[in-house]
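Single-structure report; data block below.
Here, each number is a calculation from the coordinates, and none is a lab measurement. Everything numeric in this text was worked out from a predicted model, so none of it was measured. All Cβ positions, glycine included, derive from the backbone under ideal geometry; neighbour counts span all protein chains shown.
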Amino acid sequence: MKLKESNFNHEEENFNKAIGIPADLIVLCRERIFFTHFAHSLQADELFPNRDDAPKEYKTVRGDLQATLNMISDPLEYDFTLLNFMPYHRLAQEAYSRYSHSKDIDDDDSMSKEERIKHELVKLVTKLHALKESMHEDEEDEDDDDYEDNSLSLKSVINRIKLVKETKYNFHKYMTAMGHPITRNYNDVDDLLNDLFK
């Protein structure tokens, strides 16, 4: 455990700064958790007509955690990912659930006009709620904006799902598309093999 060896700064107000976590590592850990859950969920839905037939590691929290941890070689990133896995994973699950539900409704031609209007109203109310939350978050905590992105809305997390598909399940391309290219030397076997067999 790398964090066990750290000296915490008890004078620092920001928790992540106090335990010595660099800002880029926070983003990397969060995005790995999102990416893994979305990639597994999308593959389970796209490759298997019945989601129940998909391998367990594509459908469970343990499977997502194992895949996330297998992508990590840095001990500090490993520790920080373990510390933050469940809150980000829950957000990813909620986002994918809404994405999947919305997609099912959009693809359903048998819905009545009234049901479609209700669905659109629910989407509008959700957007208004997200806007209200983001305005409230902007007013709070302006000092930490340089250090980490606290403005995670459900909509922004749902947009990441489409990005996973657009980058063809490649984590390095996903991070670059997010505006956070990986500058550290991380080993990603999948990306290495994909580049090798182009």
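Just a few scattered comments:
- From phi via Karplus (6.51, -1.76, 1.60), per-residue ³J(HN,Hα) for the stretch 29-37 in Hz, x at Gly/Pro: 4, 4, 5, 4, 5, 4, 4, 4, 5
- For the stretch 92-97, 3J(HN,Hα) computed residue by residue from phi via the Karplus equation (6.51, -1.76, 1.60; θ = phi - 60°) reads 5, 5, 4, 4, 5, 4 Hz, glycine and proline entered as x.
- Number of Lys pairs (Cα under 18 Å; 8 or more positions apart or on different chains) in the stretch 1-124: 6
- Per-residue Cβ neighbour rank within 10 angstrom, fewest leading, D64, D45, D52: D52, D45, D64
- In sequence order, the stretch 161-178 has phi-based couplings of 4, 5, 5, 4, 5, 5, 8, 6, 6, 9, 5, 5, 5, 4, 5, 5, 5, 6 Hz under the Karplus curve 6.51 cos²θ - 1.76 cosθ + 1.60, θ = phi - 60°, and Gly or Pro positions carry x.
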